[in-house]
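Participant: First the structure, then my questions, so here it is.
The values are calculated or read from the model by the stated rules, or taken from the named source; none is laboratory data. From a predicted model like this one, the values you see are computed outputs, not experimental measurements. Every residue, glycine as well, gets a Cβ built from its backbone with ideal geometry; the counts of neighbours run over all protein chains shown. Keep in mind that these areas ignore ligands, DNA and RNA; they rest on the heavy atoms of the full protein, side chains included. Shrake-Rupley method; radii C 1.70, N 1.55, O 1.52, S 1.80 Å.
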Amino acid sequence: MSGALRIDTRLPAGGGATWTLAGDLVSASADALMEAWENLGPEVSGLVLDFGAVHRLDSAGISGLIRLLQAARGRDCDLTFERLPGRHAQVLELVGFARHVTLRGPGEGQGAPADPETAGAGVAAAATGDLRIAALGPLVITRAGEDRPGAGTVRRRARQLLGYLLLQVGYTASREAACAALWPGADPDAARVNLRATLHDLRRILDRPGAEGAESAIRGSNGALALRSGAVAWFDLPVFHSSLRAAGRLRDADPLSAAERYRAAVRIYRGELFADDPDFDPFAGPREEARRGLTLALRRLALAAFEEGDLDTSVAYLLRALAVDPVQEDAARWLMLLHAATGRQAEAVRAYRRLRVAMAQELQTKPGREAEMTYAEIASGRPPRLAQLAREMRERA
Amino acid sequence: MYRARGAVNTLAPGGRLVVEMTSHAGWVGGVTALAEELGLAAGMPPARAEGVAAATREACLNAIEHGNGGGTTQPVLVRFEPSTEGLTVTVEDDGPRFNPPQAPPVLEEQIDGKTPARGWGFPLMRHLSDRVEVRPRGGPASGNAVRLTFLHEGHPPAVEAVTAG
């Protein structure tokens, strides 16, 4: 059904709201969305938009949805778009909504959160392809359960081009930008020739045998390159970040569910982002962001285990967090105290020494006063003050 | 207001249908519906024809807002040209030249309010069509022509092979 957008609001018990949309989500409807939003009470913590009867969605409608997302962020309200027709799902995926909103297709369950390790952070709603790409760690590309060539057999430039496209908004980049990223400083004509050869290599990896034209995973037009919308059914990086965001939102209201989301993120993280290409500049920023996300998840899981009285598991999470970033002085102190609390003074001392070495090597400095005092207390045999540790972990984890 | 030259039911490969439209968003719906009908008439599956309509809509809105700058005195011309390869839609305005953005906006910057929540027209056109070209319509400061190409399924993707360099 087309025409002006109609919004039917339902407020079931439990703090959520559902909007059933019907008509066209175009220019005038952006204001309708905001008006309906203003009529929602501030207590609404989750809003589901049912797209099943939305006929047209254009760029003005997208702008309206972005304004809604801005407003929802301000109230810490989660958005879910469900019963998305495939054409709308592809457009929303192209814009990047899958990174901020749960997207569900017509056949997907309503109400229950998708399993982040299988659902692809909502991208599954739009995906018609079957490529699964795991880039947190050595590159793994699979298709419908079949192992595709791993990093060892994907040529370096093809791997870098794939990663570069995966990190772009809408998996789309201009050819000029791709050339500049892969061959910085090279003669433009030579870079374009290299890009053609690299594209050929990458298509051999990503495409089914015999795939041509529109079936190819990579589209090129008008000076731009794009991984075809929907060709990638699952990509671990957005799933990882989506799990972290969900955990952060659930942390106060539902700590058990939050911990499960953090654990899901930690399971997805097999190693550093695009670990096969440690020196390729475009990967550096996203890699550091993922590393910080992992560290955060591990610290919060350490806290969750500590609060459940499972000190050994808490120690294990802290050890892993420190393996990722060894100069976290507070985490090192918590580890020392937990070792001491479980009667492992020698381990506590080793944790302190590792901190000293890491700080000297990476920061050319020494541990601060708090770490020195903790070490002195442990060395003197004084029992650790776990209540104080609990307060500190809650404040800083 | 519309003024058309050509007829849908006699439009064949090699033919042309030109619609002159008042530069106002209220008239875009009719052209959009026509674009979908022509996509179907050209033998495209319904989903593809919907894409033709959606991309044409974006090009028209762009011509009205950015090309003609919101003025209603300058018309928007929409040319539909079917061929054996597919369908080409060209949308022309009378306004000052514009350069389409090569890269799509960054959603996160728009959510954070660093940039306005707009600018998705060309990314949508590129997503929905096989090729988007923007050219000056005539002499200096005399308008823009946005040409959208929709190839039939299975047609060799000349866009990739030819423009790869």
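Participant: Determine whether the range A:178-192 contains at least one residue that is within 31 Å of the chain's Cα centre (by Cα), free of Cβ contacts under 8 Å to residues at least 40 places away in the same chain and within 9 Å of another protein chain (Cβ to nearest Cβ).
Facilitator: Checked the range A:178-192: no residue is within 31 Å of the chain's Cα centre (by Cα), free of Cβ contacts under 8 Å to residues at least 40 places away in the same chain and within 9 Å of another protein chain (Cβ to nearest Cβ).
Participant: Could you say whether any residue in the range A:79-87 is under 24 Å from B:PRO116 (Cβ atoms), crowded, with 22+ Cβ neighbours inside 10 Å and in contact with a helix residue (DSSP H, G or I) (Cβ under 8 Å, 6 or more places away or on another chain)?
Facilitator: yes
Participant: Taking only the range A:339-356 into account, find how many residues are in contact (Cβ under 8 Å) with a residue 12 or more places away in the chain, open to solvent by 60 Å² or more (accessible area, probe 1.4 Å) and out of contact with any Pro (no Cβ under 7 Å at 6 or more places or on another chain).
Facilitator: So the count comes out to 1.
Participant: Does A:ALA71 meet the test of being open to solvent by 10 Å² or more (accessible area, probe 1.4 Å), over 12 Å from A:LEU25 (Cα atoms), within 14 Å of chain B (Cβ to nearest Cβ) and hydrophobic (A, V, I, L, M, F, W, C)?
Facilitator: Taking the combined requirement at face value, the residue satisfies it.
Participant: Hey, another quick one. Output the qualifying pairs, or none if there are none: Cβ atoms under 8 angstrom, residues six or more apart or on different chains, first residue in the range B:15-26 and assigned to a strand (DSSP E or B), second residue exposed (fewer than 15 other Cβ atoms within 10 Å of the Cβ) and at pLDDT 85 or above.
Facilitator: B:MET21/B:GLY30
Participant: Note down all Cβ pairs under 9 Å where the first residue falls in the range A:148-177 and is more than 14 Å from chain B (Cβ to nearest Cβ) and part of a loop (DSSP other than H, G, I, E, B), the second is open to solvent by less than 10 Å² (accessible area, probe 1.4 Å) and at pLDDT below 80, and they're at least six residues apart or on different chains.
Facilitator: Taking only residues 6 or more apart or on different chains, not a single pair turns up.
Participant: Report, by residue number, each residue of the range B:96-131 that is in a helix (DSSP H, G or I), of a type in the set (A, V, I, L, M, F, W, C), facing another protein chain (nearest Cβ under 7 Å) and under 29 Å from B:PRO75 (Cβ atoms). Working first, answer last.
Facilitator: Looking only at the range B:96-131, we keep the residues that are in a helix (DSSP H, G or I), and these are B:107-111, B:121-128.
Subset that is of a type in the set (A, V, I, L, M, F, W, C): B:107, B:111, B:122, B:124-125, B:128.
With the extra rule that they be facing another protein chain (nearest Cβ under 7 Å), the set shrinks to B:107, B:111, B:124.
Of everything in the range B:96-131, just one residue is in a helix (DSSP H, G or I), of a type in the set (A, V, I, L, M, F, W, C), facing another protein chain (nearest Cβ under 7 Å) and under 29 Å from B:PRO75 (Cβ atoms), namely B:LEU124.
Participant: Test of understanding: among B:LEU124, B:LEU38, which residue is within 21 Å of A:GLY64 (Cα to Cα), within 17 Å of the chain's Cα centre (by Cα) and not aromatic (Phe, Trp, Tyr)?
Facilitator: Numbers: B:LEU38 fails: within 21 Å of A:GLY64 (Cα to Cα).
Criteria check complete, one pass: B:LEU124.
Participant: While we're on this one: Give B:GLY143, B:GLY139 a once-over and let me know the one that is more than 20 Å from the chain's Cα centre (by Cα), farther than 15 Å from B:GLY86 by Cβ, at pLDDT below 90 and more than 10 Å from chain A (Cβ to nearest Cβ). Let's see the steps before the verdict.
Facilitator: Details: B:GLY143 fails: more than 20 Å from the chain's Cα centre (by Cα).
One residue alone meets the criteria, B:GLY139.
Participant: In addition: Would you mind telling me which numbered condition in (1) touching a Ser or Thr at 6+ places or on another chain (Cβ under 7 Å); (2) open to solvent by 20 Å² or more (accessible area, probe 1.4 Å); (3) touching a residue at least 24 places away in the same chain (Cβ under 8 Å) A:SER27 fails?
Facilitator: So the condition that A:SER27 fails would be (1).
Participant: Still on this structure: Show the residue pairs that are 6+ apart or on different chains and have beta-carbon atoms under 9 Å apart, the first residue being within the range A:43-62 and hydroxyl-bearing (Ser, Thr, Tyr), the second being open to solvent by 10 Å² or more (accessible area, probe 1.4 Å) and in a strand (DSSP E or B).
Facilitator: Final answer for the pair search is A:SER45/A:GLY16; A:SER45/A:ASP78.
Participant: Scan the range B:53-83 for residues that are among the charged types (D, E, K, R), assigned to a strand (DSSP E or B) and crowded, with 24+ Cβ neighbours inside 10 Å and report the count. Talk me through it step by step, then tell me what you get.
Facilitator: Residues of the range B:53-83 that are among the charged types (D, E, K, R), as a first pass: B:57-58, B:65, B:79, B:81.
Pick out the ones that are also assigned to a strand (DSSP E or B) and you get B:79, B:81.
With crowded, with 24+ Cβ neighbours inside 10 Å added as a condition, the list becomes none.
Total satisfying the criteria: 0.
Participant: Right, next: (1) open to solvent by 30 Å² or more (accessible area, probe 1.4 Å); (2) assigned to a strand (DSSP E or B); (3) not hydroxyl-bearing (Ser, Thr, Tyr): which one isn't true of A:ASP76, the others all being true?
Facilitator: Status for A:ASP76: all satisfied but (2).
Participant: Scan the range A:1-24 residue by residue and report those that are of a type in the set (S, T, N, Q), modelled with pLDDT of 85 or more and either surrounded by 18 or more Cβ atoms within 10 Å (Cβ to Cβ) or within 16 Å of A:LEU84 (Cα to Cα) (or both).
Facilitator: So the first thing to find is which residues in the range A:1-24 are of a type in the set (S, T, N, Q), and the list is A:2, A:9, A:18, A:20.
The next check asks that each one be modelled with pLDDT of 85 or more; those that pass are A:9, A:18, A:20.
Hits for the range A:1-24 are A:THR18, A:THR20.
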